[in-house]
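The values are calculated or read from the model by the stated rules, or taken from the named source; none is laboratory data. What you are looking at is a predicted structure, and each value in this text was computed from that prediction instead of being measured. For neighbour counting, all protein chains shown are included, and Cβ atoms are generated from backbone atoms with ideal geometry for every residue, glycine included. SASA here: full protein model, heavy atoms, side chains in, ligands and nucleic acids out. Shrake-Rupley method; radii C 1.70, N 1.55, O 1.52, S 1.80 Å.
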Amino acid sequence: MTELSKLMAGGRVKPICRVMGSAFVLKASQGLLGVLCSVWLAGAVQAQGWVDRDRDGVPDSKDACPHSRPNVAVDAMGCEIRAEAMACIAPKGAASQLIACEGAEPGKSVEPTKQTSTAKQTSTAKQTSTAKQASTAKQASTAKQGASEPEIVRVYFAFGSAEVGIDQWPQLAKVHGFLKVSDAKLTLVGHTDNIGSEAVNMNLSRQRAERVKQIFVQDYGVEALRLSIVGKGASQPVTDNLGPGGRALNRRVEFIVEAR
């Protein structure tokens with residue numbers, strides 16, 4: 001009598017088949033469950049808007065240019081930033097601030113370029129959140145200086161506020177373009193005008209720098225370790241605080257390239 005015949009005679013074949021059948025069903029169920037979970041997770045990720053098909057750091061749900069070229073700097077809308085719209089490192093003696101590239105290679109040090117009073121006025125008008133006040137003050141200052149200093153990249157703020165206005169995002173895009181082509185670390189330095197107590201202004205200046213850092217980390221995907229913040233309060237004005245125009249220029253965040 002064969003071994004199979006013995007098993008059949010003893011009635012042990014059916015239990016074995018049932019066990020094997022149960023194991024098969026269990027494995028099939030686990031496989032199906034895995035597939036369903038993968039599909040669900042993919043759908044959940046897509047529903048949350050965290051799909052980034054062109055891998056530019058901007059999710060497709062916010063990407064106005066979903067087919068960006070690989071390894072190019074993009075703005076908050078996911079569109080490629082032109083070289084002239086990026087930031088460069090100021091020449092020695094300017095505290096390694098970020099300035100407008102003016103045609104130089106983004107991320108590199110650049111010598112200051114000559115600017116006419118009109119060109120400087122136009123640039124400044126785009127740069128300030130309190131456009132009329134800061135633009136007027138900057139125009140007057142530039143008219144006195146004539147042609148000279150490079151345009152420092154700054155983010156300006158409304159009185160008593162740490163929120164970044166939508167008109168300041170082009171400035172953020174310049175800095176992001178710099179960070180994309182450089183491995184440098186930045187110090188974000190917050191400033192205020194002279195209205196308010198020293199303690200209030202020191203706290204507000206730190207809040208402004210922290211808010212700018214938050215945008216870079218959360219919206220641009222910049223590593224937090226690359227950005228440090230400092231608050232200076234009203235201690236380092238770029239112009240006098242005698243009128244609303246001067247005070248508008250002093251309410252700012254600047255970007256300093258840290259020494260390596």
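Structure notes:
- Measuring against 20 Å, Cα to Cα, the residue pairs K62/K185; K180/K213; K174/K213 contain K62/K185 as the ones spanning a longer distance.
- Extent along the principal axes, Cα only, for segment 203-258: 39, 21, 20 Å, with the longest axis given first.
- For segment 172-217, the calculated P(r) over all alpha carbon pairs, in 5 Å bins from 0 to the bin holding the longest distance, is 5, 20, 24, 19, 13, 10, 6, 2 percent.
- Taking the inverse of the mean 1/r over every pair of distinct Cα atoms in segment 150-260 gives a Kirkwood hydrodynamic radius of 14.0 Å.
- Virtual spin-label span in nm between V217 and S61, 7 Å along Cα→Cβ: 2.1 nm
- L98 sits among other residues whose Cβ lies under 11 Å from its own Cβ, and their net charge, with Lys and Arg +1 and Asp and Glu -1, is 0.
- Taking amide H positions as modeled 1.01 Å from N, with prolines and chain starts lacking one, the residues under 5 Å from G231 and 5 or more places away or on another chain are G190.
- Residue-wise HN-Hα coupling along segment 61-68, computed from phi with Karplus coefficients 6.51, -1.76, 1.60 (Hz; x: Gly, Pro): 5, 10, 7, 7, 10, x, 10, 5
- Accessible surface ranking that places the most exposed of E80, E151 first, with a 1.4 angstrom probe: E80, E151
- Only protein heavy atoms count here; under a 1.4 Å probe, E210 has an accessible surface of about 80 Å².
- The amide H of G78, built 1.01 Å from its N in the peptide plane, has A64 as neighbours under 5 Å, considering only residues 5 or more places off or on other chains.
- Packing-based order for 58-64, 244-250, 156-162, using average beta carbon neighbours within 10 Å, highest first: 244-250, 156-162, 58-64
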